[in-house]
Ligand code: DAH
């Protein structure tokens with residue numbers, strides 16, 4: 001009995017002095033002390049040799065020893081687990097980092113920036129105006145008085161009547177705002193969002209984007225208009241682009257013309273975008289109506305000007321083959337991601 005107690009004391013010290021060191025050493029410890037043929041088991045087997053009056057005492061000592069051996073095992077094991085967790089998986093500093101998904105410019109922004117850039121090279125500077133407009137700047141000042149039939153060309157969202165406030169139907173309103181405060185020479189480009197009361201479909205939307213251009217100075221001619229716009233489409237679509245001007249009507253220009261380019265989708269052979277004509281209209285233009293100049297106190301005998309307004313979505317459609325106007329405002333990342341890296 002005394003021998004056994006001494007032996008247990010020695011094992012306790014051994015356990016106390018053991019330093020946890022790896023999974024193999026832990027397993028060796030488990031087999032040695034807690035295994036089926038281990039020390040704890042063999043000590044319990046000694047119970048039968050202990051005199052009856054000391055069995056209880058021996059049992060207690062033995063149970064404490066067993067608990068100590070088990071506690072040591074659990075402590076070692078959990079220490080090993082956490083050491084393992086914090087050490088690994090080992091960080092390899094030479095690995096490339098997780099890629100950050102790059103954001104993209106919206107295709108409308110891309111095209112807007114391209115338009116601004118191209119005209120910027122010709123000396124046009126950017127002007128912006130409010131999307132909520134009054135009747136004067138959106139219509140009347142542009143030679144579109146009340147009850148003028150041409151007002152029906154654009155279905156307007158009115159938000160207040162008398163005085164009339166509306167969502168601007170075109171960026172031509174910015175022309176009016178600039179001429180009101182600035183004297184010629186004026187050379188501006190006005191990108192922005194416009195609104196019309198249209199049923200939303202692949203081909204129409206209740207909001208879209210335009211870019212207006214205005215050039216007023218002495219001796220500005222229709223030849224300047226044509227050459228400026230010709231330069232623009234060549235820069236935007238490439239040197240092989242073909243253009244044609246068709247006579248048209250806008251109340252704020254006289255004469256007026258619409259400009260078509262040869263269809264970039266089918267190359268001119270005919271498709272649904274060009275309605276099988278090979279040509280696509282991209283803008284309206286003309287020489288600024290003298291009455292409009294006079295509306296702003298600009299002497300129409302001294303100054304002439306040209307103006308144009310183009311649809312940004314249309315240019316985007318021709319450039320990037322976007323066939324449904326609704327895609328622009330649905331925020332579908334599968335659509336937007338296709339413009340990553342585009343300039
Ligand atoms: N404002 C016209 C529209 O929205 C486009 C336009 C035509 C603008 C001729 C102009 C212009 O400046 O001269 O349909």
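Data overview
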| read-out | value |
| --- | --- |
| Pair list, Cβ under 7 Å, 6 or more apart: segment 253-278 residue at positive phi, other residue away from the ligand (no atom under 16 Å from the Cβ) and not in a loop (DSSP other than H, G, I, E, B) | 268/262; 278/262 |
| From 120, 213, residue being more than 16 Å from the ligand (Cβ to nearest atom), closer than 23 Å to residue 313 by Cα, in contact (Cβ under 8 Å) with a residue 12 or more places away in the chain and not in a loop (DSSP other than H, G, I, E, B) | 120 |
| Tabulated pairs, segment 48-63, first assigned by TED's automatic domain parsing to the domain that holds residue 12, second assigned to a loop (DSSP other than H, G, I, E, B), C-beta under 8 angstrom, 6+ apart or interchain | 50/1; 51/1; 54/1; 58/1; 58/50 |
| Lone qualifier among 79, 160, 106 - being more than 16 Å from the ligand (Cβ to nearest atom) and closer than 30 Å to residue 238 by Cα | 106 |
| Criterion violated by residue 116 - all others in (1) modelled with pLDDT of 95 or more; (2) surrounded by fewer than 16 Cβ atoms within 10 Å (Cβ to Cβ) satisfied | (2) |
| Identity of the residue in segment 190-202, away from the ligand (no atom under 11 Å from the Cβ) and surrounded by 13 or more Cβ atoms within 10 Å (Cβ to Cβ), that ends up nearest to residue 123 (Cα to Cα) | 191 |
| Flag if residue 242 is within 14 Å of the ligand (Cβ to nearest atom), farther than 18 Å from residue 210 by Cα and surrounded by fewer than 21 Cβ atoms within 10 Å (Cβ to Cβ) | no |
| Qualifying residue in segment 308-329 (condition: within 22 Å of residue 184 (Cβ to Cβ), surrounded by 14 or more Cβ atoms within 10 Å (Cβ to Cβ) and within 13 Å of the ligand (Cβ to nearest atom)) | yes |
| Condition check for residue 254: more than 20 Å from residue 109 (Cα to Cα), touching a helix residue (DSSP H, G or I) at 6+ places or on another chain (Cβ under 9 Å) and surrounded by fewer than 18 Cβ atoms within 10 Å (Cβ to Cβ) | yes |
| Near pairs, Cβ below 7 angstrom, 6+ apart or cross-chain, from segment 172-193 (within 23 Å of residue 205 (Cα to Cα) and touching a residue at least 40 places away in the same chain (Cβ under 8 Å)) to any residue that is within 12 Å of the ligand (Cβ to nearest atom) and in a loop (DSSP other than H, G, I, E, B) | 172/252; 190/171; 192/171 |
| Every pair of residues 6+ apart whose Cβ atoms lie under 7 Å, when the first sits in segment 154-171 and is assigned by TED's automatic domain parsing to the domain that holds residue 139 while the second is part of a loop (DSSP other than H, G, I, E, B) and away from the ligand (no atom under 16 Å from the Cβ) | 158/164 |
| Residue 244 vs. criteria in contact (Cβ under 8 Å) with a residue 24 or more places away in the chain, over 30 Å from residue 145 (Cβ atoms) and out of contact with any helix residue (DSSP H, G or I) (no Cβ under 9 Å at 6 or more places or on another chain) | yes |
| Only one of 150, 141 that is touching a helix residue (DSSP H, G or I) at 6+ places or on another chain (Cβ under 9 Å), part of a helix (DSSP H, G or I) and closer than 17 Å to residue 253 by Cα | 141 |
| Members of segment 163-176 that are touching a helix residue (DSSP H, G or I) at 6+ places or on another chain (Cβ under 7 Å) and surrounded by 19 or more Cβ atoms within 10 Å (Cβ to Cβ) | 166, 168, 169, 172, 173, 176 |
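The values are calculated or read from the model by the stated rules, or taken from the named source; none is laboratory data. Source: prediction; values computed, not measured. For neighbour counting, all protein chains shown are included, and Cβ atoms are generated from backbone atoms with ideal geometry for every residue, glycine included.
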